[in-house]
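Bear in mind that the values in this text are calculations on the coordinates, not laboratory data. As the structure is a prediction and not an experimental result, all values here were calculated from the model. Glycine also receives a Cβ, built like all others from the backbone with ideal geometry; neighbour counts cover every protein chain displayed.
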Amino acid sequence: MQRILAISWLTWKAALRFKLFLVIAVLLILAVVGLPLVIKDDGTARGFTQIILTYTLSAITALLGLSTLWLSCGTLARDIEECQIQVVATKPIARWQIWIGKWLGIISLNAALLAISGACVYGLLQWRATKLPAAEQKILREQVLVARGSAKERSYNAEIDSAASQMLADKLKKNPGLAGSVDLAQAKTNFLEEVKAELQVVPPGYTSRPWRIELGFAKNFLRDKPLQVRVKFNSADKSPSGTFVLAWQAGDPNAKNIWQSEPMHLAPDTFHEFQIPANLFDDQGVLTIMVANLNDTALLFPLEDGMEVLYPEGGFALNFARGLGIIFCWLALIAALGLMAASFLSFPVAAFFSLAMLLVVLSGGTLADAIDSGSVAVGNEETGQAGHSAADVILIPAFKGMLHVIRLVQNYSPIDSLSTGRSISWFELGAAFVQIVLLLGGIFAVVGIICLNRRELATAQGTQ
């Protein structure tokens, strides 16, 4: 361990000698302080959060990610190219210790920079919050500067798929000749959408089917605490005013413990939150919610995110620290990626290779679209026919594997959670560490160490 720490200290000394630590620290502080000054918020809690939390944390992540990539590629590749690593490699120290030591040096450097920039964001957030109007400060304290748990309705996917399959089977039973003349996959998709519509659509002038949301174990500490309901709906038609009128009802129907709201004017295609009184769930922790559509057009509440109940779970400071912890896991993975590339490539090529890998991660949506269509070829938009390619046999399974790996990283988004006041649990932080650092970072580390062990360091590295 002493040898590994010695390599880590040499990495720190190199970063300090080349002023990298100071330059990145100054850039991070400028990003934290400068963005809120350059981009003015609209005086609302939502606009304030967008500037202070979303933009600044995104800028910090981008700056630290790029500097980590540059340093991890350069610190090892430069040592090899400039024949400096031979001085270390001839001492009684294994090459895997050199690799691990450099990785620990880089991530400890990131930990210091992330702590400095995170403290600046937190301090600026608390200070600027006092400048908001009193009403917006209340919204900020209740909806953003908190750690809120989430509860949704149970999944209906199994029932929807079963009902659609039964409808398709009944259709084929009545018309056996359709089996060879229609696209069965598309026919089932149509039935799926038809079944989902019955659960999602609220006709005009009607009350919706009830959402029964199970609070689970959280019911034990939510007595006498008000809850927030987060809703989103879509409409095929436009309203002259841009909003639609909805009335809400929540409570336990059996106990006659019902709360009813005044009519609310809400805009479609956006999230809305409103508070409901405490103790509206039953003894099993089930909260029943219904909505009355007081408009002349049908409204659609998506099953995925149309209805959600949020409840207080903890304080913002610790939640913010856990969010920074997940960002740190991302940076540790980037450091491992850069060092792996530098273990067998020159500095420019290693940097290019690492950036290309990051672009693949960012293009997860494109990979998902190709997998959904079943082909990498572009389809015919006029006829609606999907494209086909001879490479689909190889590329589509490869894309599925890549997308599965990419989602191990993308499933953890602390910036979105923090900006909406969502709780980041210790379990999520632990899972992020295991999947991102130990699993994916460990794979990069093994590949990098093997490549460094097999690399001939005694060959001429420079040119005349």
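A few comments on the model shown:
- Counting only Cα atoms, the size of segment 34-171 along its three principal axes is 71, 60, 24 Å, in decreasing order.
- Within the straight-line cut-off of under 18 Å between alpha carbons, the lysines reachable from K19 are K102, sequence neighbours fewer than 8 places apart in one chain being disregarded.
- Per-peptide average of other Cβ atoms within 10 Å, ordering 107-116, 275-284 highest first: 107-116, 275-284
- Shape class of segment 317-359 from the Cα gyration tensor (axes a ≥ b ≥ c, square roots of the eigenvalues): prolate, since a/c reaches 1.5 or more and a/b is larger than b/c.
- Both the radius of gyration and Dmax for segment 202-314 are 14.3, 45 Å, in that order, over alpha-carbon atoms.
- Ranked by how many other beta carbons lie within 10 Å on average, peptides 94-102, 421-429 from highest: 94-102, 421-429
- When you restrict to C-alpha pairs under 8 Å that are six or more residues apart and normalise by the size of segment 202-314, the relative contact order lands at 47 percent.
- Coupling constants for segment 300-315 follow from the phi torsions by the Karplus curve (6.51 cos²θ - 1.76 cosθ + 1.60, θ = phi - 60°), and in residue order they are 10, 9, x, 5, 6, 9, x, 9, 8, 10, 10, 9, x, 10, x, x Hz; glycine and proline get x.
- Flagged links, alpha-carbon separation over 30 Å, of K188/K232; K173/K196; K138/K232; K219/K256; K138/K196: K138/K196
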